[in-house]
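Encoded as structure tokens, the structure appears first; notes follow it.
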Number of protein chains: 2
Amino acid sequence: MSQMQSVEKQLREMILGLEIGPGEKLTERWIESRFGASRTPVRAALLRLETEGLVGRDGRGWTVSPINLAELEQIAVYREAVEVAALRLTCALADRSGVDVIEAMLESCDGNTAREEWHRVGMDFHIELARLSGNEFLFRAVRDAMTRLSRARWLEVRDEAALARAWAEHRAILAATRLGDADEAARQLSAHIVGSRYRLVTSLANDRRGLRARGFAVVAA
Amino acid sequence: MSQMQSVEKQLREMILGLEIGPGEKLTERWIESRFGASRTPVRAALLRLETEGLVGRDGRGWTVSPINLAELEQIAVYREAVEVAALRLTCALADRSGVDVIEAMLESCDGNTAREEWHRVGMDFHIELARLSGNEFLFRAVRDAMTRLSRARWLEVRDEAALARAWAEHRAILAATRLGDADEAARQLSAHIVGSRYRLVTSLANDRRGLRARGFAVVAA
DNA sequence: GATACCATTTTGGGATACCAAGATGGTATC
DNA sequence: GATACCATCTTGGTATCCCAAAATGGTATC
């Protein structure tokens, strides 16, 4: 694999994994030395990550995008539009066996599962569900939206009850989809996204002080 | 303005304006000499245009993306989801005076208007309409989708009747939006997009031979 | 002590040099 | 004439160099 993709991948993981905090300044030179690459692949990586919304320009320099509560709310509305559209397409498919694969994915999480894994599967649920629609654009839209939400979801204070609730909602969505009941599936998915958004934004707004103390830039709604 | 943005802008215009045909191979060196820039800005431009879907990698090299009829169909579905969502948001706004600005934009086209202008206003109608929603993500989704559709719409054989029809549909959408009638506005917009897609794909499929003769790569649905 | 000013450093943007891999084209062989 | 093979050229990827501008930090002035 070329080093360019490696820099991009590693840098993305550091940002998504909060090893580099939201709001931190980045210099091309630092990335260069940190990953042992030269500036050309570093710039390519930054340009790509910029379109993903993970880094942004700060005047002349680069900054890891802060967590923006207003943006999170807008993404939730966006997600609802594209995810529901994708789900309706999937419900209209003759072969909806893909839902079983996703169901199995959910089942793979139990009491022994690491938090990272719950986090990942929780996002992949939505991404893979969108992929079933067969529409490349809806799929990418969901994938990109989830990438943008990723750090915020990671920061969210999630308790066992919230996790169990989310998983139950996921299963309800799959059940309706399996039956091809588009309206019911769409209703369930909308409610799930709206509820998620509420809990996410509430959690972050409450914990804002704590997040700032950890050096994370959090922009108000 | 930096030269980088200039290369990107000029190259994008050449591609969208079909001065470089769909399917044509691009070399960084050619772009470099064509615009008098060095490879650094050229690479940045190509990376950006890649995320816009206007150029793609062809093994080791770069290619102007072909017109892909299957992709056009998928974009239409995608558009419908995001445009309708945006329009429903707009209908729920207290201040919908923005529709008047868009209406005026439509009025600016008459018998003396150049074809380029009709083309541009036809796209801007949808982009500006989405912007009214206030949701940055829905707006960008529509803008990017229209950019991808741009070349195809340019190739479409459009007659006076089709243009008049499209404008009438645009006005109907605005009228319902002005009244805040979200369901009616959504219905009108959906019908408009579905109709547009049908006429576009049909036109291109029929003219495929002619387009290939002009050296344009057109991939079947 | 605060502040205006200037030298120095650092930074991102651009240009150029170099390389390995792939495309090209000619040639020798059958 | 077709084909296998090899020298050459071209290409994208990477590294390095240069530059203008912005940030930095120290200093002199009030």
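The values are calculated or read from the model by the stated rules, or taken from the named source; none is laboratory data. Note that the structure is predicted; figures quoted are calculated from it, not measured. Please note: Cβ atoms are built from the backbone with ideal geometry, for glycine as well, and neighbour counts cover all protein chains shown.
For this structure, a couple of remarks:
- Taking the criterion of being at positive phi and more than 10 Å from chain B (Cβ to nearest Cβ), the only residue of the range A:41-64 that qualifies is A:Gly59.
- Among the candidates A:His119, A:His126, the residue that is away from DNA strand D (no atom under 16 Å from the Cβ) and surrounded by 19 or more Cβ atoms within 10 Å (Cβ to Cβ) is uniquely A:His126.
- Scope the range B:139-174; condition more than 27 Å from B:Arg88 (Cβ to Cβ) and of a type in the set (Asp, Glu); matching residues: B:Glu156, B:Asp159, B:Glu160
- Any chance B:Ala76 is in contact with a Lys or Arg (Cβ under 6 Å, 6 or more places away or on another chain), under 23 Å from B:Ile15 (Cβ atoms) and in a helix (DSSP H, G or I): yes
- Members of the range A:211-221 that are in contact with a Leu (Cβ under 9 Å, 6 or more places away or on another chain) and either free of Cβ contacts under 8 Å to residues at least 12 places away in the same chain or assigned to a helix (DSSP H, G or I) (or both): A:Leu211
- Pick from the range A:25-39, criterion assigned to a loop (DSSP other than H, G, I, E, B) and at pLDDT below 95, ranking: farthest from DNA strand C (Cβ to nearest atom): A:Gly36
- Residue within the range B:89-98 that is within 9 Å of another protein chain (Cβ to nearest Cβ) and at pLDDT 95 or above present: yes
- Looking at A:Arg208, A:Arg197, A:Arg148, just one residue is of a type outside the set (A, V, I, L, M, F, W, C) and either free of Cβ contacts under 8 Å to residues at least 40 places away in the same chain or touching a strand residue (DSSP E or B) at 6+ places or on another chain (Cβ under 6 Å) (or both), and that residue is A:Arg208.
- In this entry, B:Ile102 passes the filter for residues that are modelled with pLDDT of 95 or more, assigned by TED's automatic domain parsing to the domain that holds B:Ser203 and hydrophobic (A, V, I, L, M, F, W, C).
- Enumeration of residues in the range B:1-19 that are among the β-branched types (Val, Ile, Thr) and at pLDDT 95 or above: B:Ile15
- Residue within the range B:90-102 that is of a type in the set (Val, Ile, Thr), closer than 22 Å to B:Val201 by Cβ and buried (at least 21 other Cβ atoms within 10 Å of the Cβ) present: no
- Of the candidates B:Arg43, B:Arg57, the single residue that is within 16 Å of DNA strand D (Cβ to nearest atom), closer than 24 Å to B:Met14 by Cα and not in a helix (DSSP H, G or I) is B:Arg57.
- Selection status of A:Ser190, polar (S, T, N, Q), within 19 Å of A:Arg88 (Cα to Cα) and touching an Asp or Glu at 6+ places or on another chain (Cβ under 9 Å): yes
- Only a single criterion out of (1) buried (at least 18 other Cβ atoms within 10 Å of the Cβ); (2) within 16 Å of DNA strand C (Cβ to nearest atom); (3) away from chain B (no Cβ under 14 Å); (4) not aromatic (Phe, Trp, Tyr) is not satisfied by A:Val7, namely (3).
- Residue match in the range B:133-153 (condition: surrounded by fewer than 19 Cβ atoms within 10 Å (Cβ to Cβ), of a type in the set (A, V, I, L, M, F, W, C), out of contact with any Phe, Trp or Tyr (no Cβ under 6 Å at 6 or more places or on another chain) and closer than 30 Å to B:Ile20 by Cβ): no
- Test: A:Val121 is in a helix (DSSP H, G or I), in contact with a Ser or Thr (Cβ under 6 Å, 6 or more places away or on another chain) and not hydroxyl-bearing (Ser, Thr, Tyr): no
- Criterion: within 14 Å of another protein chain (Cβ to nearest Cβ) and either at pLDDT 95 or above or over 14 Å from the mean Cα position of the chain (by Cα) (or both) - qualifying residue of A:Leu129, A:Leu72: A:Leu72
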